[in-house]
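Worksheet: one structure, shown below.
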Amino acid sequence: MSLDIGWVESSRHFEELASEWDSALPEETRPFDLHCWYQAWWRAFGEDAELAICTARRDGELVGAFPLLGGDSGIRALANAHTPSFRPLARDEEAMEALVAATMERGRREVELISLPEGDPSLESLSAGARRASMLPLVEAAYASPLVETDGDFEAWRKQSKKRWGAPLERFRRKMGRDHEAEFEIVVPPTDLERELNEGFEVEASGWKGQAGTAITSSPQTEAFYREVARSFADRDELRFSRIRLDGREAAFDLCVLHGSRLYLLKTGFDEDFRRLAPGLVMRLSIIEHCFEQGLRSHELLGTESEWKAKFATSKRPHVNLRAYRRNPIGLGRYTYRTVLRPRLKSAYRRLKDKQS
C-alpha cells in the first residue's frame with residue numbers, strides 16, 4: 001500500500017486534523033505529541049509563522065504527522081522553549097521515513113529541529129534521511145530533563161534521596177499542620193478550572209519568576225498557551241493540580257498532566273512569604289509519594305536540570321537539537337560555523353572568563 005504525502009498550511013485544515021491526529025501516533029505517546037498540544041502552541045505563538053505540517057496517509061488514513069513551520073529560510077519545528085519534547089509522529093517505520101524524506105526535500109536551506117529525545121527512533125531516521133537528501137546532519141546536545149522513577153518501592157527511594165533534600169521536609173510538613181490551618185490537595189483534577197488557574201498563576205508569578213519576567217503571566221502569548229493547554233487536558237480528564245494552602249493562602253502550586261501512567265510537571269511555583277517552610281519542596285515530596293502509591297511509572301520534572309530537581313530525581317532524559325544543511329556555500333558555511341568556529345569561540349570565551357574571575 002502506497003503512502004500519500006501532503007502539507008497542511010492553513011489553520012482551518014490543521015484544526016480539521018483533530019479527529020484523526022491522535023490515532024496516527026506511536027504506541028507510547030506523550031502529552032506533547034497530541035493534536036491539542038500543537039493546536040494550543042499554534043494559537044498562542046504562531047502569529048508570525050507559516051504552518052508546514054507534513055502528513056502521511058495510507059489508503060486515506062492518517063498514519064503520520066510532522067508538526068513543522070515553513071518559510072524562505074527552510075523548515076523548523078513547531079516548537080519553542082515551552083516545548084518539553086518534540087519529534088515527528090508516525091505509526092510505523094515506513095510512514096516515518098516518508099515524512100522525513102518529504103521534510104528534507106522541502107527544507108530549502110536548512111532544517112532545524114529542537115528538543116528531540118535522545119534515543120528516540122525518529123532521531124536516526126532524521127539523520128539518515130538528511131544524508132539521503134545529500135544534506136549535512138548535525139546533532140548537538142541540548143539539555144537533560146530530570147525524572148523520578150516511581151514504579152518501585154517508596155521507602156527505598158526515600159532512603160536514597162533524603163540526604164539530598166537539604167531540609168527536613170517531613171518535619172516541615174508536620175509543622176505546617178501544627179502551626180497553620182493547612183490544606184494539602186495532591187494530584188487532583190480541577191473543580192473550578194478558571195479560578196484555580198488564576199490562583200495558581202498568581203502564586204507562580206509572586207516570586208523570582210515574576211521579577212525576572214519568566215512567569216506564565218509575564219507574556220500574553222505564554223498565558224494564552226498554558227490556559228488552552230489546561231482546558232484541553234481538563235477535557236481529556238488528564239489535567240491535575242497540586243497545592244498547599246496555609247491559613248487560606250495558596251503557598252505552593254503545580255500544573256501537571258497525567259498521561260500514560262506518567263505525571264508530567266508543566267509549571268510550579270510557591271509563595272516566598274512561606275519560604276522558611278519550603279512549601280514547594282514539601283509539595284514535591286507529597287506528589288512523589290502519591291505517584292508511588294498510585295503505581296505510576298514516573299514523575300517527569302521536564303525542562304532543564306536544576307538544584308531543586310536534583311534533590312528528588314533518579315534519572316534524566318537527554319534531548320538534542322538536529323540541524324540539516326544543504327551542500328551549498330551558505331549551508332556549508334553554517335555547518336562549518338557550528339562545528340568548528342562556534343566551539344572555538346565558546347572555548348575562548350570560557351578561558352577569558354576564567355582569567356577575569
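Summary table
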read-out: GLU27 being of a type in the set (D, E, K, R), open to solvent by 80 Å² or more (accessible area, probe 1.4 Å) and closer than 12 Å to LEU89 by Cα; value: yes
read-out: Qualifying residue in the range 74-97 (condition: polar (S, T, N, Q), in contact with a Ser or Thr (Cβ under 9 Å, 6 or more places away or on another chain), open to solvent by less than 20 Å² (accessible area, probe 1.4 Å) and not in a helix (DSSP H, G or I)); value: yes
read-out: Residue selected from the range 298-315 under the condition under 11 Å from ASP151 (Cβ atoms) and among the hydroxyl-bearing types (Ser, Thr, Tyr), by the criterion least open to solvent (accessible area, probe 1.4 Å); value: SER298
read-out: Options GLY119, GLY152, GLY107; residue that is open to solvent by less than 30 Å² (accessible area, probe 1.4 Å) and at pLDDT below 95; value: GLY107
read-out: ALA40 of a type in the set (Gly, Ala, Ser), in contact (Cβ under 8 Å) with a residue 40 or more places away in the chain and over 26 Å from ALA324 (Cβ atoms); value: yes
read-out: Among the residues listed as GLY269, GLY295, GLY260, the single one being closer than 26 Å to PRO168 by Cβ and either under 23 Å from the mean Cα position of the chain (by Cα) or open to solvent by less than 20 Å² (accessible area, probe 1.4 Å) (or both); value: GLY269
read-out: Selection status of THR55, in contact (Cβ under 8 Å) with a residue 40 or more places away in the chain, assigned to a strand (DSSP E or B), of a type in the set (Ser, Thr, Tyr) and surrounded by 21 or more Cβ atoms within 10 Å (Cβ to Cβ); value: yes
read-out: Matching residues, the range 158-184, being over 20 Å from PHE312 (Cα atoms), open to solvent by 60 Å² or more (accessible area, probe 1.4 Å) and outside any helix (DSSP H, G or I); value: GLU181, GLU183
read-out: Hey, VAL282 of a type in the set (A, V, I, L, M, F, W, C) and part of a helix (DSSP H, G or I) or not; value: yes
read-out: Output for the range 123-142, where each listed residue is among the hydrophobic types (A, V, I, L, M, F, W, C) and either without any contact (Cβ under 8 Å) to a residue 40 or more places away in the chain or assigned to a strand (DSSP E or B) (or both); value: ALA128, MET135, LEU136, LEU138, VAL139, ALA141, ALA142
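The values are calculated or read from the model by the stated rules, or taken from the named source; none is laboratory data. Values in this document were obtained by computation on a predicted structure and should not be read as measured data. Ideal geometry is used to build each Cβ from the backbone, glycine not excepted, and the neighbour counts take in all protein chains shown. What goes into the accessible areas is simple: the full protein's heavy atoms, side chains included, and nothing from ligands, DNA or RNA. Shrake-Rupley method; radii C 1.70, N 1.55, O 1.52, S 1.80 Å.
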